[in-house]
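Values in this text are rule-based calculations from the coordinates and carry no lab data. Model, not experiment: these values are computed from the prediction. Methodologically, a virtual Cβ is constructed for each residue, glycine included, from the backbone with ideal geometry; neighbour enumeration extends over all protein chains shown.
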Amino acid sequence: MKNKLLLSTILCAVAVIIMNADVKKENKTIKIEETETQVITEKDNHRVPRLVKKKEKIAKQERIIKKVLERDQKRLIAKQDIRNKAILTQEERQELEDYLTNPKNIRLAYKVLTAKNFEDFDKTLNTRIDATNFLMEGLSKTDMNRETIFKTVEQFLLNDIEESVSNIDERRVIIGDKVDLYYSYLKYAPERIETFKSHYMGERLKKIIKYVEINVKRSES
């Protein structure tokens, strides 16, 4: 009887020891998991602010680009009240000439046309149209000094910006601007453009010239 009680006591003691060991092991596992979770959470918490900052930086850049485009566009479409008139007074004619021959405005038009930023495609397209129209209008004023406009248009025609743009739609826009400006140059200064062609007939320019001159002949026939 005593032996049975002793054996039972020993077995109970062993069971308690095993249970305590399992509890300690389980507590240790829980602590490890909690530690790992805490580490992961800390990493995520560290990552989240960086992602937020990156998004905020991108959003800020987009806002700046939009503001710059809007500012440039306002300058390129200024003097509309005079530009739309069929008949100008002497004062209005002088004011328009000062606007179209202003080196700052001409440089702005060139900067817009040679920019590679197309993030806001529609806004960029509209600003490029305004820049092209500005230079084309300058070319059409045969009674004023167009030397700076000529040189700017020539520089743009010779610029290889379309080669550094991979998006096909963006390339088409740039080439389209070159076609429009070459056509206007040909129309309003044919004698000068012949000299330009004799000095600068690279492969890119040849394609644009060929395209424009074929279409001009078609329209005349």
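Computed quantities for the displayed model
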| read-out | value |
| --- | --- |
| Helices (runs of 4 or more DSSP H) wholly inside segment 152-221 containing at least 2 residues that are of a type in the set (Phe, Trp, Tyr) and within 29 Å of LYS123 (Cα to Cα) | 168-188 |
| Test: residue in segment 162-182 that is in contact with a helix residue (DSSP H, G or I) (Cβ under 8 Å, 6 or more places away or on another chain) and over 29 Å from LYS74 (Cβ atoms) | yes |
| When residues of segment 103-124 are limited to those that are surrounded by 14 or more Cβ atoms within 10 Å (Cβ to Cβ) and without any contact (Cβ under 8 Å) to a residue 40 or more places away in the chain, the one nearest to GLU147 (Cα to Cα) | ASN105 |
